[in-house]
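Read the structure below first, then the notes.
Any read-out appearing in this document is the output of simple, stated calculations on the displayed coordinates, not a laboratory observation. Everything numeric here is computed off the predicted structure, so don't read it as measured data. Virtual Cβ from ideal backbone geometry, glycine too; neighbours counted across all protein chains shown.
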Amino acid sequence: MTLWIVQRTLQAALVALAMALIVFLGLNLIGSPIETLLPPEATHEERLRLIADLGLDQPMHTQFFLFLKGMAQGNLGISYVYKEPAIELILSRLPATLELALFAVLLSLVIGFPLGLIAGYRPDSFAAKAIMTGSILGFSLPIFWVGILLIMVFSVTLGWLPSSGRGSTVTILGVGWSFLTWDGLRHMILPAFSLSLFNISMVTRLTESGVREAMSSEYVKFARAKGLSPRRIMSVHVFKNILIPIVTVVGLDIGTTIAFSIVTETIFAWPGIGKIIIDSIAALDRPVIVAYLMLVVLMFVLINFVVDILYRILDPRIRLQGE
Amino acid sequence: MKLRPILLSALCAAALAMPVNAEDLMIGVGGTATSIDPHFYNASPNNSIAMQIFDRLTERDASGQLLPGLAERWEAVGELQWRFLLRPDIKWHDGEAFTADDVVFTFDRARDVPNSPGGFGGFLRAVASVEAADDATVLITTKAPAPNLPGDLANIAIVSRHAGEGADTSDYNSGKAAIGTGAFRFKEFRQGDQITLERNPDWWGHDVAWDTVTYRVISSAGGRTTAMLAGDVDIIDTPAAADLERLRSTAGISVDSTPGLRVIYLVGSPLTGAQMQFIRGPNGEDLSENPLADVRVRKALSIALNRQAIVDRIMEGTATASGQWLPEGAFSYSPDIAVPEQDAEAAKALLAEAGYPDGFRLTVHVPNDRYPNAPAVVQAVAQMWTRIGVQTTVESLPWITYSAKMSEFAIKLLGLGNATFDASSMLINVLGTADKERGLGASNDSGYSNPKLDEMTAAALSIYDDAQREQALIAAVKLALEDGAILPLYQQTNTWAMREGLTYAPRIDERTLAKDIMVK
């Protein structure tokens, strides 16, 4: 187990380093942040001063070395645009994205799992066919279109829910959370639902196929023959066995939902990291882009780690690599 | 589009509007203010916020006219000095008295905020020294005659020495140093999300209708429109052209607009370096000379364009066709300069006269994420040019790539906000021969140079008499346009949509100021 953790950590560090290098070279190829940052009225002196202040007059390898040195001291640089430490900027926006993404994943489990059970248990019923057809819609409708549709129906026409923004927040541990207030929850419903639509369909379909497969297996037949109630067969025996693929997918989903909630955040003006990363790419704000990608790498590593441990709990036969 | 005698209506609105008790205002804006520090970054979203918390020595009304601000009066003392007499009994938000010493502190700070993109140094370029003659008098000595100084100072927010000494940008963002004299006090700044301000009951200006004002950043135009339709916000800026009809026809929402200061123009390069990869002969062969160096070619490209059609069909009425770079009514706008008429035959004749009877091949560059509809506009331009024999291809790039390679393009589309509210910012920064010593041509990346124009600009900008200076500036503008230095296309229209019952005199400088939003 210890060896496995060490291996994982080393792997993550290598990935992070390679990515930092790619981002550094890539952004340098795209263009210069100076032209985007400077207002057209800026004087020659202001231009030269800014270039020197940001360290952009140094050669590329010196800049990269300085970045590595800073990173070793836990400093990922100062945002060019906002002039605040990049890592603080990202972390101040992270809670908004985190609660939105987790709420969306929760929704997908709460809605998708029961739907999948129903559809898998009686695959020939009308309800099952309706659910499976509906889930195809969930896969194929583009998020931005669903988002705009939801706003038009629930905010503009019916006026039930707010169209955008985050609403009021409650500060806990120095961070504002909106899921703790009624107003905040109301703001979260539409973006979380449009973000979860794809995942709902995915969970539904995975559960359905898992249940169908399990229903025809030997152990279910045996349980039936033994006279166990259908409820007990489903909730104890089938349930446990179909969980592994779902845990894998949901685990990866949390990661992608956090990392790529950009579209939803833009439509609903949700002040999360998706919005700041788009702004930063448009402004070539390198410290923020690098800090963000570092965070994403870290997040995926952590999630995979948790998923691997869950595997072991769900199925003791599975052994971890290196164990 | 409603055009109003803007100044009058602003004054009437100010006089008629009654302050309402405990009113909150929610504003949906497209641009993100990157800081509360008023000297951090010279851009519209930042300035909109700074103009509420802080005041300036001089102010501009919605139509750009200069008004007294913290300075009640100002006068030129000889050729090289200005005296500003400050309004008495002004208090900072924390109760301290405002004095001339704060102005001295501000001038030092505005030029040099560490790590900031800045952009305010240009307005203080002429200033040699500032001193406080007494608590209510500021004496500004200039390096050269600077008749434009009072206008330039309408861009410099005055900050206090007692709160600002030793403070950096993050102290302003946290509110610690954000102590102004303005109509609103700082309450909360949530980076990229929202900014909350509360009324300053002691403000010296007109009555303000709102107790609390929230600026919410909604960057997508569609998001602003739906927020307005859903009633989540009271007023939004820059709705998309495609949404205007919907907003206008919705009961309870009104739309108001004015031609803005921002001009969209094409500028060609006369240079023969990297530019030549984008200019080829009619069959794709190398050219030894740059056709764009010939004034007849530049003129032909200008009269090949049907600006009115571009404005009507592509901009859907959200722009005003123009043959110069200022909107009607602005200082140094000239009614004699007409919008060039489209004349393809005359354009062909000019090309033949310049030695290009078969035309040439040209690539025109356009940023695809900076100016509304710009790529479609340039597509139309390319068709019109191809019609006179200049086979034109369009290359559109994101601004980050575009801006880094801008100096290599043969001809490109750009916009300018005209922050000086007259012809001078274009004449100095864009058309001036790049010259560090003289502070000319800081944004001149096309390589245009016309010594006679530089001379006329310099001469015009040293005339203290407003009427004479305006005439001299117009003469310089005419020379630049006759020389085809740039091809102005149109001025963008600034538009706001608001709920019924509110009025806002549309500003030519794009700024959304809560203090001037009135209740009918």
Kindly work out what percent of the DSSP beta bridges joining two residues of chain B are antiparallel, to the nearest 5. 75 percent
Which whole-number value in Å³ per residue fits the convex hull of the alpha carbons of the stretch A:86-322? 161 Å³
Between B:Asp94 and A:Trp145, what is the label-point separation in nm under the 7 Å Cα-to-beta-carbon projection? 5.6 nm
Principal axis box of the stretch A:189-260, alpha-carbon based, largest edge first, Å: 48, 22, 15
Which order results if B:Glu72, B:Glu500, B:Glu510 are arranged by neighbouring Cβ count within 10 Å, fewest first? B:Glu500, B:Glu72, B:Glu510
Apply the Karplus parameterisation 6.51 cos²θ - 1.76 cosθ + 1.60, with θ equal to phi minus 60°, to every residue of the stretch B:122-131 and state each ³J(HN,Hα) to the nearest whole Hz, in sequence, with x for glycine and proline. x, 6, 10, 3, 7, 7, 8, 7, 10, 9
Separation of the A:Ala13 and A:Thr133 label points, Cα + 7 Å toward Cβ, nm: 5.7 nm
Give a quick list of GluC sites (Glu not before Pro) in the stretch B:116-190 that DSSP marks as loop, anything other than H, G, I, E or B, with at most 16 other Cβ atoms within 10 Å. B:Glu165
Neighbour-count ranking [beta-carbon atoms within 10 angstrom, fewest first] of A:Val156, A:Val236, A:Val250: A:Val236, A:Val156, A:Val250
Under a straight-distance cross-link criterion of Cα-Cα below 25 Å, which lysines are reachable from B:Lys478, leaving out those fewer than 8 residues away in the same chain? B:Lys299, B:Lys348, B:Lys412, B:Lys452
Square roots of 5 times each gyration tensor eigenvalue, C-alpha, the stretch A:239-304, largest first, Å: 29, 15, 6
CD proxy, 222 nm, the protein assembly as shown: helix-only mean residue ellipticity via -39,500 (n - 2.57) per DSSP H run with n ≥ 4, per residue, nearest 500, stands at -13000 deg cm²/dmol
Using 1/(1 + (r/R0)^6) with R0 = 30 angstrom and r between the beta carbons of B:Gln468 and B:Glu345, what's the FRET efficiency to the nearest 0.05? 0.15
Calculate how steeply helix B:451-460 sits against the longest principal axis of the alpha-carbon atoms of chain B, using the helix alpha-carbon long axis, and give the answer as 0 to 90 degrees to the nearest 10. 30 degrees
Taking the Cα-to-Cβ direction at B:Glu328 and at B:Leu287 and moving 7 Å from each Cα, how far apart do the two end points lie in nm? 3.6 nm
What are the ³J(HN,Hα) values, in whole Hz, obtained from phi via the Karplus relation 6.51 cos²θ - 1.76 cosθ + 1.60 with θ = phi - 60°, for each residue of the stretch A:111-127 in sequence order, with x given for Gly and Pro? 8, x, 5, x, 4, x, 4, 4, 5, x, 6, 10, x, 9, 6, 5, 4
Relative contact order for chain A using alpha-carbon pairs under 8 Å, separation at least 6, rounded to a whole percent? 28 percent
The residues A:Met299, B:Met456, sorted from fewest to most surrounding Cβ atoms within 10 Å, come out as A:Met299, B:Met456
So, counting K/R as plus one and D/E as minus one, what does the shell of residues with Cβ under 13 Å around A:Ile78 add up to? -3
At 20 °C and 1.002 mPa s, the Stokes-Einstein diffusion coefficient in µm²/s for the stretch B:260-493, with hydrodynamic radius from the Kirkwood sum on alpha carbon pairs, is 120 µm²/s
Provide, for q = 0.08, 0.11, 0.12 Å⁻¹, the log10 of I(q)/I(0) from a solvent-free Debye sum over equal Cα point scatterers in chain B. -0.53, -1.00, -1.17
Between the stretch A:283-302 and the stretch B:53-94, the Cα center-to-center distance that results, in Å: 46 Å
For the protein assembly as shown, compute Rh as the Kirkwood radius over C-alpha pairs and then the Stokes-Einstein diffusion coefficient at 37 °C and 0.692 mPa s; write the answer in µm²/s, rounded to an integer. 110 µm²/s
Quote to one decimal, in nm, the extra length available between A:Thr256 and A:Lys226 on full extension: 0.36 nm per residue of separation minus the C-alpha distance between them. 6.5 nm
Over the Cα atoms of the stretch B:31-217, what is the Rg over Rh ratio if Rh follows Kirkwood? 0.94
Tell me which residues come under 5 Å, amide H to amide H, from B:Tyr490 once H is placed; ignore anything under 5 positions away on its chain. B:Ile264, B:Ser322
